[in-house]
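All remarks here apply to the structure that follows.
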Amino acid sequence: MNKKIIVLVVAIVVIVGAGIGFWVISSNNKLESNNNNSNTNENQNSNETQEENTNDNDNETTSDKKVAIIYFSATGNTKKVAGYIKDWVGGDLIEIVPKDEYTSEDLNYNNSNSRSTKEQNDASARPEIKNNINTDNYEVIFLGYPIWWGDAPRIILTFLDSHNLDGKTVIPFCTSGSSGISASVSYFKSHYKNVNFQDGKRLSISEAEVKAWVNSLDY
């Protein structure tokens, strides 16, 4: 074979081999780059998930204290709020059940002779409670009630008078068309001085509002 032809063939083989080698190296580099990007994305996603889980945990109210949500509700509004609190903090939900249930006529504030009007006008009134409520094992008690004539219903005083809550943390909450909770809490603090009453809050029947309030508490 002509010497020139041999040299030309060898040169072509070398050039083709070099091209193939460059293509293989380039492909491997691209594959490694893609793998690195994939791993980076996975790590970022993992970190984002962990951050989301952390944020979710920050929104949860947890306590190692034994909690009870004790409430009186004549029309059902306070009962709904009490249920929202239980959903958020756990604990035991306990209703204060009057021995004589309140009728719509009993709750007629336009009638000066209605049962609730007479009770609220009588500082010594203590309506009887039907069910037995044991508060011994609870460290924190959410105490709920409607506001009647600017104050807590007298049956709440029946509960407080008949249970020793000394040293416990009691967090009042109420439902009301207009009146606030401050008058009732002031009475509690002045008459049950060994109980750690927090200021409490008047709440609407809003799950979001209840959860935001509970999450702001320190107990």
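The values are calculated or read from the model by the stated rules, or taken from the named source; none is laboratory data. Since the structure is predicted, the reported quantities are computational estimates derived from the model, not experimental observations. Glycine also receives a Cβ, built like all others from the backbone with ideal geometry; neighbour counts cover every protein chain displayed.
Determine which single condition TYR219 fails, assuming it passes every other condition in (1) modelled with pLDDT under 95; (2) buried (at least 16 other Cβ atoms within 10 Å of the Cβ); (3) more than 22 Å from the chain's Cα centre (by Cα). Condition (3) is where TYR219 drops out. Return the total of residues in the range 116-159 being out of contact with any strand residue (DSSP E or B) (no Cβ under 7 Å at 6 or more places or on another chain) and under 22 Å from ILE181 (Cα atoms). Going through the range 116-159 one residue at a time, the tally reaches 15.
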